[in-house]
Amino acid sequence: MNGANGSLDFEKLWKQPSNRDFVPCVQPGSNYTAPDESRGYLLVHTNGGLNQMRAGICDMVAVARIINATLVVPELDKRSFWQDTSNFSDVFDEDHFINALANDVKVIKKLPKDLSSATKLVMHFRSWSGLEYYRDEIASLWEEFQVIRAAKSDSRLANNHLPPDIQKLRCRACYEALRFSPKIEAMGKLLVDRMRAYGPFIALHLRYEKDMLAFSGCTHGLSDVEAEELRIIRENTAYWKIKDINATEQRSRGYCPLTPTEVGIFLTGLGYPSNTPIYIAAGEIYGGDTHMADLRSRYPILMSKEKLASVEELEPFTNHASQMAALDYIVSVESDVFIPSYSGNMARAVEGHRRFLGHRKTISPDRLGLLMEGRKVSNRISEIHKKLQGSPRRRRGPVSGTKGMDRFRSEEAFYVNPLPDCLCKRVSENVNASTA
């Protein structure tokens, strides 16, 4: 990029959206008190991958507050697709989690020994439930039980219409209390520093991994052999309920991740030059070099944790999917630009965190329709995404006309966009950002 125009183009590509003076405001209100006397113990079995578990943990902190429970440090999912044996303290800073929430909820590491043989009520909390459900229906169970076990943690709390102090508690849990373990934080910082050595960089969450493609049934660009392999995986994964999927229909509805080739077309359409450093935040890409060749030919500075760190440096985290995902999460949050190829749990969690930290530039591709090369397509990509770069906006409510559970499913998730609950307009330069 030479001359004044080149400099302006370069600045435009990396310019952050205006935060419009929105700053975190997560401190509780003046009437907020220390946790009431505990009425019992809440055990939590989280489910899903790292970011699904993160959101579930934060929701269960809020639930424990609502029902006056002592929260036992949650168990991480060891039975999901990734078969990760990590415990809570392997992924998160357990002591920090307990101490950071001391004024909100009592958290203990293990259930007291004298209760180990007590009758435990195993509950599937109703999805997207509000204050009344937990305060009335669930809290009444303390009259009969001392220990309640939440069998699942995902989407158990409503996105909207909760008391402000509960919403702020969810944000304190997510963005302050739930910190990664010291060894993960240190390794994540090292990866960020090594990427920064290449200059401003994009973190690309390339959700083109075997589990994603098998689960979604998205086979565009794959061989018949690959498509059949994915079908068999889906068929044999018992807790994936939908087995028969029309790949063409999935794609036409925008339910599929962009292919690596389409990501290359998308980045070119946005105007990013071939020397742009890109961090691939993902596990093993399905098909490896076969499917990555076109993207790599366009953007040769494709890096990953495996390329930035030695085998010895990564050894403590290898074979632990949640810990490896945590490293990608840290780099993605700290990147100059974050681009997800699919709006899954990781993409949503990172987008929400970046919004909370000042509306860092996040470009979410519009995946509807097929991406094809050409100048008109490049212009269209640039035009469509001008206003899709992470600038402040209120969380979207349900899609008009939807009812029942579909109404809740259509809402934008709380952790994707914590505005207005946890972000407020800065009142003046003298007001502390955390209490604005």
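The values are calculated or read from the model by the stated rules, or taken from the named source; none is laboratory data. Bear in mind that the values here come from a model prediction, so they are computed numbers and not experimental data. Note that each Cβ is placed from the backbone with ideal geometry, even for glycine, and that neighbours are counted across all protein chains shown. The protein model used for the area step is the full one, side chains on, heavy atoms only, and it has no ligands, DNA or RNA in it. Shrake-Rupley method; radii C 1.70, N 1.55, O 1.52, S 1.80 Å.
Among the candidates VAL337, VAL333, VAL350, which residue alone is out of contact with any His (no Cβ under 6 Å at 6 or more places or on another chain) and under 18 Å from ARG179 (Cα atoms)? Steps first, please.
Working: VAL337 fails: under 18 Å from ARG179 (Cα atoms); VAL333 fails: out of contact with any His (no Cβ under 6 Å at 6 or more places or on another chain).
Criteria check complete, one pass: VAL350.
Given the residues GLU262, GLU249, which is the only one that is open to solvent by 20 Å² or more (accessible area, probe 1.4 Å), in a helix (DSSP H, G or I) and on the phi < 0 side of the Ramachandran plot?
After applying the criteria, what remains is GLU249.
Out of the residues in region 221-239 that are in a loop (DSSP other than H, G, I, E, B) and open to solvent by less than 100 Å² (accessible area, probe 1.4 Å), which is farthest from THR259 (Cα to Cα)?
Checked region 221-239; the qualifying residue farthest from THR259 (Cα to Cα) is ALA238.
Could you tell me which numbered condition ILE242 fails, if it satisfies all but one of (1) within 30 Å of ARG409 (Cα to Cα); (2) surrounded by 15 or more Cβ atoms within 10 Å (Cβ to Cβ)?
For ILE242, the exception is condition (2).
I'd like the full set of residues that are surrounded by fewer than 16 Cβ atoms within 10 Å (Cβ to Cβ), hydroxyl-bearing (Ser, Thr, Tyr) and either under 24 Å from ALA413 (Cα atoms) or within 29 Å of the chain's Cα centre (by Cα) (or both), limited to region 121-146.
Answer for region 121-146, where residues must be surrounded by fewer than 16 Cβ atoms within 10 Å (Cβ to Cβ), hydroxyl-bearing (Ser, Thr, Tyr) and either under 24 Å from ALA413 (Cα atoms) or within 29 Å of the chain's Cα centre (by Cα) (or both): just SER127.
Name the single residue that is most open to solvent (accessible area, probe 1.4 Å) among those in region 98-120 being touching a residue at least 60 places away in the same chain (Cβ under 8 Å) and of a type in the set (Lys, Arg).
Among those that are touching a residue at least 60 places away in the same chain (Cβ under 8 Å) and of a type in the set (Lys, Arg), it is LYS106.
Could you list all residues from region 411-425 that are of a type outside the set (Asp, Glu) and assigned to a loop (DSSP other than H, G, I, E, B)?
If the condition is that a residue be of a type outside the set (Asp, Glu) and assigned to a loop (DSSP other than H, G, I, E, B), then ALA413, ASN417, PRO418, LEU419, PRO420, CYS422 are the ones that fit.
Would you point out which residue out of MET187, MET212, MET195 is in the same structural domain as TYR279 (by the TED database), in contact with a strand residue (DSSP E or B) (Cβ under 6 Å, 6 or more places away or on another chain) and within 17 Å of TYR329 (Cβ to Cβ)? Walk me through how you get there before you give the answer.
Working: MET187 fails: in contact with a strand residue (DSSP E or B) (Cβ under 6 Å, 6 or more places away or on another chain); MET212 fails: in contact with a strand residue (DSSP E or B) (Cβ under 6 Å, 6 or more places away or on another chain).
On inspection, the qualifying residue turns out to be MET195.
Suppose we filter ARG149, ARG194 for residues that are open to solvent by 10 Å² or more (accessible area, probe 1.4 Å) and assigned to a strand (DSSP E or B); which single one remains?
ARG149 is the lone residue from the list that is open to solvent by 10 Å² or more (accessible area, probe 1.4 Å) and assigned to a strand (DSSP E or B).
Does SER127 count as touching a residue at least 60 places away in the same chain (Cβ under 8 Å) and either more than 22 Å from ALA34 (Cα to Cα) or touching a strand residue (DSSP E or B) at 6+ places or on another chain (Cβ under 7 Å) (or both)?
In short, yes.
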